[in-house]
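The structure appears below as structure tokens.
The values are calculated or read from the model by the stated rules, or taken from the named source; none is laboratory data. These numbers were taken from a predicted model, which means no experiment stands behind them. FYI the Cβ positions are ideal-geometry reconstructions off the backbone, even for glycines, and counts take in every protein chain you see. The area values use the complete protein model at the heavy-atom level, side chains included, leaving out ligands, DNA and RNA. Shrake-Rupley method; radii C 1.70, N 1.55, O 1.52, S 1.80 Å.
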Amino acid sequence: MTREIHHGDASPNPKPKTKNVDGDAAAVVLPLPAGDGHGKAAARNKLSLVPLIFLIFFEVAGGPYGAEPAVQSAGPLFALLGFLIFPFIWAIPESLVTAELSTAMPGNGGFVVWADRAFGPFTGSLMGTWKYISGAINGAAFPALCADYLARVIPAVADGGPRVATIVTFNVALSFLNYTGLSVVGWSAVALGIASLSPFVLMSGIALPKIRPHRWGVTAGEKDWKLFFNTLFWNLNYWDSVSTMAGEVDNPGKTFPTALLSSVAMTSLGYLLPLMAATGAIDAPPENWGNGFFADAAGTIAGSWLKYWIEVGAVLSSIGLYSATLSSAAFQLLGMADLGLLPRVFALRSPIFNTPWVSIVVTSLITLGMSFLSFNNIVAAANFLYSLGMLLEFATFIWLRIKRPEMARPYRVPLGLPGNIVLCLVPSGFLVFVMAIAGWKVYAISAIFTAAGAGVYHLMKFCKARGFLKFGTVDGEEMMYERHQQESRNDGV
């Protein structure tokens, strides 16, 4: 899974430049991944359109599992309105920004590269800290969640040694899957996506004759708006996570926009239709809609067989969610190493599958350790850091439109500067609201993580200056130029 870059091409490519962590010229050059002698593995492991759609789907949702608290906190009416409206004010703006910047800078690292190009390496490193911590904590929940679902069927894995063994096995197995390549991960996501969504398709069909539209108008007596908005936010974010793997996508200029918009449609309908079916077909009060209630609703609508299928689907969804999150986080580390923000070791690739094995192992160990912790405030802080990263991402998008209008953009958001500002201001307002309702503990933990991120940046800068660690960079401008040149050649074939 390498970039299709050909240094021996007849086109007059300029000599690659390099820069170190503080932006000065550097003598060490890290070869572009496609030149590492694994071209056949790279071509074989490129991500095509369909696997990319399902990878994005699992980066964000993995199915309607976890949407139930929206009904519990505000009732069916507000839950349906929320999942109908929220994609337009959050998911679509974030996916459009991701599509433009990923195709303009089609290399691994995604949002880190964007912030680095707009505001410099310190800002890029800080973006990497915020997003990596958020993603790692998010991913750490899935092995434990999988064990919880399995415990419903096999009570022996509920606690103790069997639970630990289940979590470790889950982690090791999916880490090895990621090691075999993004193409394998992507097609596995397709299979997992179909399997986890199928019971909801059946439930929606069986529920049709039982639906009574007046049930959709019910609201909760005691509304918990904080839980409501956090549920919408949690279930419809991380659209930009796939950008960290842009260097592994086949023909990103065309594939990325199509995949993102297709996944937005699939994810939004994947929430809305099952909610309409379940809330319209049964007379369950909002307070019954806790996590996992979709399985109970399916049992009422169609029988115990569908209830068990949805519970199995939840396990499959957890597998897909963890695998996609691990891939995104590992390729983020690889991209940061390419930029010289992390030591060169994080850019090392497997000689067989051409995957960033060091970054996969490190991320896997971090998430495994976190899987055994109980840390509600840290999870809330992860959401806060993600929000900070998104505010910086929107600022990066606008800044690059103003300062770099000449940058090649295979996909461009079809709005002028005022329209793009509005596009970013609406979700930014929601981000500020989510951050404002966080408690002081969240602010304190977020400040500690941010300070640690700044410390890592200066430590890497010190190590590079003293030669303690090996660093190497891929110049972003050269990388963009060559990827766009390759796409032009592919279009001419």
Quiz item: How much length, in nm to one decimal, is gained on full extension between THR219 and ASP159, taken as 0.36 nm per residue of separation minus their Cα-Cα distance?
Solution: 17.9 nm
Practice problem: Give me the angle, in degrees from 0 to 90, between the Cα long axis of helix 417-436 and the longest principal axis of the Cα atoms of the chain, rounded to the nearest 10. | Solution: 60 degrees
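Let me make sure I get this right: for the chain, a, b and c are the square roots of the gyration tensor eigenvalues over alpha carbons, sorted descending. Under 1.5 in a/c it's rounded, otherwise prolate if a/b > b/c, else oblate. Which is it? Write down the numbers at each step before the final one.
Values: a/c = 1.68, a/b = 1.60, b/c = 1.05.
Prolate shape, in that a/c is at least 1.5 and a/b is the bigger ratio.
Checking the a/c ratio against 1.5 first, then a/b against b/c, what shape does the Cα gyration tensor give for region 312-408? The partial results should precede the final answer.
Working: a/c = 1.92, a/b = 1.25, b/c = 1.54.
Note, shape of region 312-408 comes out oblate.
Ranked by accessible surface with a 1.4 Å probe, highest first, in what order do LEU197, LEU150 come? Can you show the working numbers first?
Values: LEU197 35, LEU150 55 Å².
Output order, biggest surface exposure first: LEU150, LEU197.
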Quiz prompt | Gained length - ILE437 relative to ARG412, 0.36 nm times residue gap less alpha-carbon distance | solution = 5.6 nm
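I need the shape label for region 392-468. Rule: rounded when a/c is under 1.5, else prolate if a/b > b/c, else oblate, with a, b, c from the alpha carbon gyration tensor.
Numbers: a/c = 4.53, a/b = 1.26, b/c = 3.59.
It is oblate, given that a/c is not under 1.5 and a/b is not larger than b/c.
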Exercise. Could you please put HIS214, HIS458 in sequence from largest to smallest accessible area, using a 1.4 Å probe?
Key: HIS214, HIS458
Quiz prompt | Distant-in-sequence amide H partners of LEU47 (H built 1.01 Å from N, under 5 Å) | solution = VAL249, ASP250
Practice problem: Extending each Cα 7 Å along its Cβ direction at LYS210 and LEU365, get the distance between those two points in nm, one decimal. | Solution: 5.0 nm
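Tally up the carbon and sulfur contribution to the accessible surface of the chain as a whole percent, 1.4 Å probe, everything protein left in place. All intermediate terms of the calculation are to be shown ahead of the outcome.
Working: 13050 of 18970 Å².
Its accessible area is 69 percent carbon and sulfur atoms.
Sorting check: for 362-370, 388-396, which peptide has the highest mean count of neighbouring beta carbons within 10 Å, and how do the rest follow? It would help to have the intermediate numbers written out before the result.
Details: 362-370: 18.7, 388-396: 22.1.
Packing order, densest peptide first, comes out as 388-396, 362-370.
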Exercise. Keeping all protein chains in place, calculate the accessible area per residue for region 389-443 (probe 1.4 angstrom), answer in Å².
Key: 50 Å²
Quiz item: If ligands, DNA and RNA are left out, what is the accessible area of SER198 with a 1.4 Å probe, given in Å² to the nearest 10?
Solution: 40 Å²
Self-check item: Average accessible surface area per residue within region 41-180, 1.4 Å rolling probe, Å²
Solution: 28 Å²
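Tell me, Kirkwood radius of region 43-100 from alpha-carbon pair distances, in Å?
Numbers: mean 1/r = 0.0739 Å⁻¹.
With all distinct Cα pairs of region 43-100 included, I get 13.5 Å.
Going from most exposed to least, what order do ASP250, ASP116 have by accessible area with a 1.4 Å probe? Don't jump to the answer; show the numbers that get you there.
On the way: ASP250 70, ASP116 10 Å².
Greatest to least solvent exposure: ASP250, ASP116.
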Practice problem: Please give the solvent-accessible surface of ARG212 in Å², to the nearest 10, using a probe radius of 1.4 Å with every protein chain present. | Solution: 110 Å²
Quiz item: How far is helix 160-179 tilted off the main Cα axis of the chain, in degrees rounded to 10, range 0 to 90?
Solution: 40 degrees
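Taking the Cα centre as origin and putting +1 on Lys and Arg beta-carbons and -1 on Asp and Glu beta-carbons, what dipole magnitude results for the chain, to the nearest 20 debye?
Working: 32 positive and 30 negative charges, 98 e Å.
In debye, rounded to 20, the chain gives about 460.
From the alpha carbon gyration tensor of region 242-340, can you work out the equivalent ellipsoid semi-axes (sqrt of 5 times each eigenvalue) and give them in Å, largest to smallest? It would help to have the intermediate numbers written out before the result.
Numbers: eigenvalues 270, 51, 26 Å².
Value: 37, 16, 11 Å, ordered largest first.
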Quiz item: Roughly how many Å is it from the Cα centre of region 287-316 to that of region 321-357, as a whole number?
Solution: 37 Å
Self-check item: Separation in nanometres of the label points that stand 7 Å from Cα toward Cβ, at ALA447 and PHE468
Solution: 2.7 nm
Quiz item: Counting pairs of alpha carbon atoms under 8 Å apart in space and at least six apart in sequence, what relative contact order in percent does region 253-386 give?
Solution: 11 percent
Quiz prompt | Heavy-atom accessible area per residue - region 228-338, 1.4 Å, Å² | solution = 26 Å²
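What 222 nm value per residue comes from the helices of the chain, counting each DSSP H run with n ≥ 4 as -39,500 (n - 2.57) and dividing by all residues, nearest 500 deg cm²/dmol? Before the final figure, lay out the partial values.
On the way: 18 runs with 328 residues, N = 493.
Counting only the DSSP helices, I get -22500 deg cm²/dmol.
If you put +1 on each Lys and Arg Cβ and -1 on each Asp and Glu Cβ, how big is the dipole of region 378-478 around its Cα centre, in Debye rounded to 20? Mind dumping the intermediate values first?
Numbers: 10 positive and 5 negative charges, 44 e Å.
For region 378-478, the charge dipole is close to 220 debye.
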Quiz item: What's the angle, to the nearest 10 degrees (0 to 90), between helix 49-60's Cα axis and the longest principal axis of the chain?
Solution: 70 degrees
Self-check item: With all protein chains modelled, accessible area of VAL358 [1.4 Å, Å²]
Solution: 20 Å²
